[in-house]
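Only the coordinates and a few stated rules stand behind these numbers; no lab work does. Computed from a prediction, not measured in an experiment: that's the story for all the values here. Cβ coordinates were reconstructed from backbone atoms using ideal geometry, including for glycine residues, and neighbour counts include every protein chain displayed.
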Amino acid sequence: MKITYDSSVDAAYIEFKSAKEVTTIRLTEDVAIDLGANEEVIGIEILNASKHFVIGHLKFP
């Protein structure tokens, strides 16, 4: 699992595994999930991340 944060757009991404092709499904205005070929969750995107997390408490590689 890998967590990244882009402060320029206030977006976080939690990647569980990599995939060549994904289908993105928007769950809410701020949350989308990426699904792989077998409908397994590849990653989760969180927009406006600072509204949902204390960014300083997240650990990034």
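Odds and ends about this structure:
- Unit Cα scatterers, Debye sum, the chain: log10 I(q)/I(0) for q = 0.13, 0.27 Å⁻¹: -0.33, -1.15
- Inter-label distance for TYR13 and LYS51, nm, one decimal - labels placed 7 Å from Cα along Cα-to-Cβ: 2.1
- Most fluctuating residue given options ILE33, ILE44, ILE25, as computed from a GNM of the chain linking Cα atoms under 10 Å: ILE25
- Ranked by the mean number of other Cβ atoms within 10 Å per residue, highest first, peptides 1-10, 34-43 order as 34-43, 1-10.
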